[in-house]
Each structure stands twice: as C-alpha cells, then as structure tokens.
Number of protein chains: 2
Amino acid sequence: MVTRKDVAERAGVSVAVVSYVMNNKSNVKEATRNKVLAVIEELDYRPNLIAKSMKTKKTQQLAVLVNNLGNPFEAGILISLEKSAMERGYFLFFQKFQQDQEESLKSLFAGRVDGIILLGQSLSITTVEYFHLQGIPIFSIMEPSFNEGREVPFLDIDWGSAMQQLFVHLKSCGYQSIAYLTANEQMNSHHYEVRNRALMQAAKEEDIRVDELIRVDVCNFETAYSHLLARWTAQPAFSYQALLCVNDLMAAGAVAACKKLGISVPEQLAVAGCEDILMSSQTFPAITTIHYPREAIGEATLERMHALIQGHTVTHVTLANNLVIRETTS
Amino acid sequence: MVTRKDVAERAGVSVAVVSYVMNNKSNVKEATRNKVLAVIEELDYRPNLIAKSMKTKKTQQLAVLVNNLGNPFEAGILISLEKSAMERGYFLFFQKFQQDQEESLKSLFAGRVDGIILLGQSLSITTVEYFHLQGIPIFSIMEPSFNEGREVPFLDIDWGSAMQQLFVHLKSCGYQSIAYLTANEQMNSHHYEVRNRALMQAAKEEDIRVDELIRVDVCNFETAYSHLLARWTAQPAFSYQALLCVNDLMAAGAVAACKKLGISVPEQLAVAGCEDILMSSQTFPAITTIHYPREAIGEATLERMHALIQGHTVTHVTLANNLVIRETTS
C-alpha cells in the first residue's frame, strides 16, 4: 500500500511537504505543490482510505451544501434527499456557505462526514482535491457549469432537449422573439449557466431571436418583480413576444409585474419558467414551465453516493424532463 | 469552582455515577439519576463551562433543527438566520430529525456547536437537560407547545392577539361560523398546537362558532387540496362560512380545491391562513393571512443566542404581527 513516504520520495520532497500539500497549507511553492499532487494522483495515494480500510469506521453522516434556501425548488429536493437518506441509514445535514467560507468546510467536514452532496453549489478545484485525498466523495445535484480538475459526478436533466421542447412550443404559438431573464454570472448561481448555454443553443437551432438578455443579481420573486416593473415603466414598448425565466420564482415575479402594469398575459406577453415549483401552478394565469423531477432525485443521489462511499465509480445521470404547458403561453 | 467530585459527595454517589448521569447512560437507577440531577442543579455544576473558561474555546458553529423543509415559511426564516449569523461570525448548519434520531444529536453536536436553535422543533426534557450540562444553550423560534422541565427561551408572535384580530375582521364581514384545518396532534407539528389553542380561545371570546375541526397528518398544499376535495365531494353542503388554515400552504390548497369544485371564494366560502408566505399573495384570489415578521427573526434570534453563549439569561421575545387582508375574505 502506498504511504506518504513513497509520495515524498517519488516527488523528491520531504514527508512534511507532502503533509503541507495535503492539508492545503500556503507555505509550499506552486511548482512543488503541483509536483506532489501529480505524484499523489499517479500513485493513487489516499491516506484516509488506508485508515478506513484498517478501521472501516464510517460516520453515516452526509453533508448537503445548498445554494438558495429561499427557492422552494431546493426545498423539494432536500425533502426527497432526506427521505432516501433515512431509508439508507444516513443522517443528513444541510449547509449554505459563502465562497470565502470554503476553507472552514475542510475542518468542519474532515472525519465527520462520509460524503458531500452539492445542491446547485460548487467547490474550487483545490477543495474537491482535498476531499478526494480525505476519501470523502462528492456528488452534485445539477451539473456544475464549471467542472474542471477532478470531475464531480452529477445528475441533471438534459437542458438542451428541455429548452428545445420549450422553443418548439413557443414557435407553435407563433412567437418569434423572446427576452431571457437570468442570473448575473457569479459563483453562487453558476448552475444557471448550464441553462443559459442550453437556451442560447436551442434558440439558435429553432431560429428564435433572443432580443434581450436581462441579468439580475438575485434570482427570486422580489428581484424579478421590481426589476421588470422598473424596466417596463421606463420602456413601455418592448419588441419581444415572450419572456423566459431561468426559474419559476422569477416567472411568478414577471407575471405579478405584468398584472401590476396591466400587461395581459399571454396576449401581450407570454411567460415561461423552469423547475415547476408548486407556485407556478397557482398563479393567475398559471405558468408554463419545464418540469424537473425532484421526487426522483433523492433515491438517484443516495444510490450514487452510497456507491462512491463503497469505493465504486459512478457515471453522470440524466433525469427525464417534460414541458408543462399552462396558461401563460398559448 | 464546583467539580464533579463535589457533586458526587453531595449526592452520596461515586464520581463514576455522576459521569453516567451526565452522559445519559441507562445503567443508573431513576431515583439515583434524579438525586444527581438535583445536586447538579443546586450547585449549578456545568463541566463544559469550566473547560471553556480555561480554554475559551468556541466552535463558532450553531446547529438549527428544522421541522418542515417543504414550507417556504421556514425557508424564509433560515435565510434571515443565515444573514444574521454571518454578520456575527457564526457558521450555521441545518438539520431535520425524526424523534427516534434524537439520541444521535448528542454525539453529533457535543463539542461541535456553541448553541442549538429550534425552528418549529422540540427536544425531550432529557435532551434539553443533556445539552444544558454540556454548556450548549438552546433557543426556540416559535413557542414550543410543550416547554416543561428546563424551559427553553423562545420568540414568537402573540397568537392570541393575532387570532383575535382575524376573528374581529371575519365578524365585520358578517361570518359567524368557521371550519379550522390544522395538524393532527403529533410531535413533529407540535408548534401548531400553540396556534390551535389561540384560535379556540379567540373564537370563544369573539363568539364565532367553530363548526368543524379538520385535522390532517401533513400540513402542506397537496394534503389540504386532496383532503378538502374528497370531503366536499362527499358532502357538498357545509354549514360554515369561512375556512381558517393553520398555515398558508394549506390555505392555498383550499383555494385550489374550491376552484376545482366551482366553489367561489369568498362568496360561497371565505378562506384565511397564517404566516404570509409569498404564494398567498399570488394565488387567485389572493389569501387573507396573519403576517409573521420573518425578516426580523434572524437578528432577534442571533442576539439572544449570542447572549446565552456568553452565559447570560434571556427572556422570551414577542414579535409584532399584523393581519393582511386580501381577496379571500370580504
């Protein structure tokens, strides 16, 4: 079995330096760090796995790193995760974190969790590498827009196909141009970038014009509502016939803004969202959206996480999606 | 400073027995346990505080025990908590648990958190006592319906006054009798019992008849919708003029059920909820409800929790509430 000493010898550094690299200390030159990481990779040195093979000690705890607690979409996924975790004897805890707190996750999780589930979250390459070395697998719900270095396995719907279905529907209603309301490019909404790319591609393929790309900092109801209210008050005439939103909360905010300004939906403006949260079926008019099968996520995720903890590799999972046509498009 | 030995001598037991009691082992007779606990209380022996006073070692971590992740009401509170925690330098993690997992919380939290926040949750008397002995304070968001033994400080609105405002409004609309849709009596919805008692008292004071008390197992949209649909299909004639729901999710389910059955709201049936979640302003018709000031909860809770961690005592907090009159009552 590979030891820390083997790594040190092969990399031509001291055992202490290997430890520094593994504990992510800053007192190691970049070149040295890279060399040590390359050797660790080459020899597949995983210290915690060795300790585990001796003790087979598991915590039966999983951490879920959540992104946006205010979105009922995530809450629905947490419920599904929790149900499946309980059935498999795992204990879940949830955590939201800011990028600048990423370091503290290491001391918080090391030795305390068997695995980490990302929910619309992302970790830096070095953090992913750190947990790999600790023998703590990571699985992501929704494809990270950025998944370089050691790739994190994920599950997601096929956003390309989902967006195409939506555009085919819009075309059948006679719409030729849209506006798209989404998140500013930033780490904590990175998973929306996957939807953005899929939308742009589908628009091109289906020959629908994206007249305006509207980006906001926070993807919730209130921000969409106030932003659109201000925008449409300033410029009452818009050229697009439909507004697509990166999530349903924002689509609901758009419907509320239309109601406030007397813009009739869908006659003057069609609206559609993504995710299919409960509220989108209860607004007036009810919102057309891409259904994301939340109830299937718990079991699919726990099955993969369990396999990863057992030392198996897992592949990405594509969930079935479907278009839910309601009253905001016709 | 009081030591474990002092406790043992005063209680007339060995130091080991004091340890057993403090670690909640089952090998101690009930009478002995009670005697030791009484002495611990009398001498105010708090071992972890002693260790802390020597090391002043804090984790800066707080655990939040949540109840119903599917209710956006709780999600809104979590966001508020998280914002205030960050401002004060605390790191939060959230956990849902079943009553039968309560034991595992002890090993999970001991030494890892500075305090525990309950969010619509409850802990048994012995668990509350255990964390007290560990020097880990507990604060509850929403009054626990059951708060015996070592009382847990809490914040909540004055449900008595809130329900009375609602009934005064209903009377002014001419309604004289209601049905009330709430949770079955069970541990994991215990915080609704506080609302139930307040409603019954207010109905009596305002002389409004509670024609039917409808209890369901799960307090969400889907359960309210399907239960009412079945109920009203079987018995299309009901005597009450208004339906009150213990939370807005259920009120939204009720509005959807009315829509499905062609019962016009509020002409044939008025509907009202509690909490004022976002969705209740977006349904058609929009729902009258009791506003719960979620945005104020984070700071109020963190301020008290910080004081508790510093060894201060805190009193219960009453938040301001107000009635939001919308379209489902008139």
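Among the residues in the range B:300-308, are any touching a residue at least 40 places away in the same chain (Cβ under 8 Å), in contact with a helix residue (DSSP H, G or I) (Cβ under 8 Å, 6 or more places away or on another chain) and crowded, with 23+ Cβ neighbours inside 10 Å?
Yes.
I'm told B:Phe146 meets every condition in (1) within 14 Å of chain A (Cβ to nearest Cβ); (2) outside any helix (DSSP H, G or I); (3) over 14 Å from B:Val64 (Cα atoms) except one. Can you identify the failing condition by its number?
(1) is the only condition that B:Phe146 fails.
Which members of the range B:123-137 meet the condition of being hydrophobic (A, V, I, L, M, F, W, C), part of a helix (DSSP H, G or I) and out of contact with any helix residue (DSSP H, G or I) (no Cβ under 6 Å at 6 or more places or on another chain)?
Selection gives B:Ile125, B:Val128, B:Phe131.
So which pairs qualify, if the first residue must be in the range A:275-289 and at the interface with chain B (Cβ under 8 Å from one of its Cβ atoms), the second must be outside any loop (DSSP other than H, G, I, E, B) and of a type in the set (Asp, Glu), the Cβ gap must be under 8 Å, and the two must be at least 6 apart or on different chains?
Matching pairs, first to second residue: A:Met279/A:Asp248.
Please go through the range B:86-108 and pick out each residue that is among the aromatic types (Phe, Trp, Tyr) and assigned to a strand (DSSP E or B).
B:Phe91, B:Phe93, B:Phe94
A quick yes/no check of all residues on (1) closer than 30 Å to B:Leu92 by Cα; (2) of a type outside the set (S, T, N, Q); (3) at pLDDT below 85:
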site: A:Lys5; (1), (2), (3): no, yes, no
site: A:Arg33; (1), (2), (3): no, yes, no
site: A:Lys52; (1), (2), (3): yes, yes, yes
site: A:Gln61; (1), (2), (3): yes, no, no
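Would it be correct to say that B:Leu229 is in contact with a helix residue (DSSP H, G or I) (Cβ under 7 Å, 6 or more places away or on another chain) and part of a helix (DSSP H, G or I)?
yes
Filter the range A:221-274 for residues that are of a type in the set (Phe, Trp, Tyr), more than 12 Å from every other protein chain (Cβ to nearest Cβ) and under 31 Å from the mean Cα position of the chain (by Cα) and give the result.
A:Trp232, A:Tyr240
Exactly one of (1) closer than 24 Å to A:Ala85 by Cβ; (2) within 11 Å of chain A (Cβ to nearest Cβ); (3) small (Gly, Ala, Ser); (4) over 15 Å from the mean Cα position of the chain (by Cα) is unmet by B:Ala75. Its number?
Checking B:Ala75 against (1) closer than 24 Å to A:Ala85 by Cβ; (2) within 11 Å of chain A (Cβ to nearest Cβ); (3) small (Gly, Ala, Ser); (4) over 15 Å from the mean Cα position of the chain (by Cα), the one that fails is (4).
What's the number of the condition B:Gly120 fails, among (1) more than 28 Å from A:Gly111 (Cβ to Cβ); (2) more than 10 Å from every other protein chain (Cβ to nearest Cβ); (3) surrounded by 21 or more Cβ atoms within 10 Å (Cβ to Cβ); (4) out of contact with any helix residue (DSSP H, G or I) (no Cβ under 7 Å at 6 or more places or on another chain)?
Of (1) more than 28 Å from A:Gly111 (Cβ to Cβ); (2) more than 10 Å from every other protein chain (Cβ to nearest Cβ); (3) surrounded by 21 or more Cβ atoms within 10 Å (Cβ to Cβ); (4) out of contact with any helix residue (DSSP H, G or I) (no Cβ under 7 Å at 6 or more places or on another chain), only one is false for B:Gly120: (4).
Specify the residue that is farthest from A:Gly311 (Cα to Cα); the eligible residues are those in the range A:113-140 that are at pLDDT below 95 and among the small types (Gly, Ala, Ser).
A:Gly120
Pull up the range A:123-132, narrow it to residues that are in contact (Cβ under 8 Å) with a residue 40 or more places away in the chain and surrounded by 21 or more Cβ atoms within 10 Å (Cβ to Cβ), then point me to the one that is farthest from A:Leu65 (Cα to Cα).
In this case the residue turns out to be A:Tyr130.
Got at least one residue in the range B:161-171 being within 14 Å of the chain's Cα centre (by Cα), within 26 Å of B:Val255 (Cβ to Cβ) and among the aliphatic types (A, V, I, L, M)?
No, the range B:161-171 contains no residue that is within 14 Å of the chain's Cα centre (by Cα), within 26 Å of B:Val255 (Cβ to Cβ) and among the aliphatic types (A, V, I, L, M).
(1) in contact (Cβ under 8 Å) with a residue 60 or more places away in the chain; (2) assigned to a loop (DSSP other than H, G, I, E, B); (3) within 21 Å of B:Ile277 (Cβ to Cβ): which one isn't true of A:Ser239, the others all being true?
With respect to (1) in contact (Cβ under 8 Å) with a residue 60 or more places away in the chain; (2) assigned to a loop (DSSP other than H, G, I, E, B); (3) within 21 Å of B:Ile277 (Cβ to Cβ), A:Ser239 is out only on (3).
Looking only at the range B:15-26, count how many residues are surrounded by fewer than 18 Cβ atoms within 10 Å (Cβ to Cβ), modelled with pLDDT of 80 or more and in contact with a helix residue (DSSP H, G or I) (Cβ under 6 Å, 6 or more places away or on another chain).
Here the count works out to 1.
Any idea how many residues of the range B:78-106 are more than 10 Å from every other protein chain (Cβ to nearest Cβ), within 22 Å of A:Ala85 (Cβ to Cβ) and not charged (D, E, K, R)?
1
Would you mind telling me which numbered condition in (1) closer than 23 Å to B:Leu228 by Cα; (2) surrounded by fewer than 22 Cβ atoms within 10 Å (Cβ to Cβ); (3) of a type outside the set (A, V, I, L, M, F, W, C) B:Asp158 fails?
(1)
Can you spot a residue in the range B:166-185 that is at pLDDT below 95 and crowded, with 17+ Cβ neighbours inside 10 Å?
Yes, the range B:166-185 contains a residue that is at pLDDT below 95 and crowded, with 17+ Cβ neighbours inside 10 Å.
Could you tell me whether A:Ile297 is farther than 20 Å from A:Leu213 by Cα and either surrounded by 23 or more Cβ atoms within 10 Å (Cβ to Cβ) or of a type in the set (Phe, Trp, Tyr) (or both)?
yes
If a residue must be polar (S, T, N, Q) and within 16 Å of the chain's Cα centre (by Cα), how many such residues does the range A:284-308 contain?
The total comes to 1.
Give just the number: which of (1) within 14 Å of chain A (Cβ to nearest Cβ); (2) surrounded by fewer than 20 Cβ atoms within 10 Å (Cβ to Cβ); (3) in contact with a strand residue (DSSP E or B) (Cβ under 6 Å, 6 or more places away or on another chain); (4) not aliphatic (A, V, I, L, M) does B:Glu212 not satisfy?
The one condition B:Glu212 does not meet is (1).
The values are calculated or read from the model by the stated rules, or taken from the named source; none is laboratory data. All figures in this text were calculated on a predicted structure; none of them were measured in a lab. For neighbour counting, all protein chains shown are included, and Cβ atoms are generated from backbone atoms with ideal geometry for every residue, glycine included.
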